[in-house]
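See structure below.
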Amino acid sequence: MFKLKEEDKEQNVSRALKLADELLKPIDLLRGYDVVTNSKDAPESNYDLSLVFDFENMADLVEHQKHPNHIEFGNFIKSVRTDRACIDYEY
């Protein structure tokens with residue numbers, strides 16, 4: 001999950017959604033994929049954007065994190081975020 005900078009927030013959310021679709025969705029290691037944004041009716045203190053990915057196993061997650069598309073997306077997010085929260089779990 002990401003909390004984005006206030007400056008150009010709406011534009012950056014839109015850009016993140018587009019980049020996620022272009023860069024992350026095509027990565028073969030993903031079994032499932034959602035990119036969601038905070039509801040306009042939800043508190044502004046919530047995070048702005050969340051990535052929800054399903055992988056076959058943790059090894060695939062590690063490989064995904066090294067993928068050039070993931071790195072490119074991450075570089076954009078790093079430039080517009082103020083905060084990040086993450087959890088990796090297995091069933």
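The values are calculated or read from the model by the stated rules, or taken from the named source; none is laboratory data. Since the structure is predicted, the reported quantities are computational estimates derived from the model, not experimental observations. Ideal geometry is used to build each Cβ from the backbone, glycine not excepted, and the neighbour counts take in all protein chains shown. The area values use the complete protein model at the heavy-atom level, side chains included, leaving out ligands, DNA and RNA. Shrake-Rupley method; radii C 1.70, N 1.55, O 1.52, S 1.80 Å.
Observations on the model:
- Region 18-51 - residue that is part of a helix (DSSP H, G or I) and free of Cβ contacts under 8 Å to residues at least 24 places away in the same chain and, of those, most open to solvent (accessible area, probe 1.4 Å): Lys18
- All positions within region 18-34 that are under 15 Å from Glu72 (Cβ atoms) and not basic (Lys, Arg): Leu19, Ala20, Asp21, Glu22, Leu23, Leu24, Pro26, Ile27
- Looking only at region 1-17, residues that are exposed (fewer than 12 other Cβ atoms within 10 Å of the Cβ) and either closer than 19 Å to Gly74 by Cβ or touching a helix residue (DSSP H, G or I) at 6+ places or on another chain (Cβ under 7 Å) (or both) come to 1 in all.
- Enumeration of residues in region 61-91 that are open to solvent by less than 70 Å² (accessible area, probe 1.4 Å), out of contact with any Lys or Arg (no Cβ under 8 Å at 6 or more places or on another chain) and more than 15 Å from Leu23 (Cα to Cα): Leu61, Val62, Ser79, Ala85
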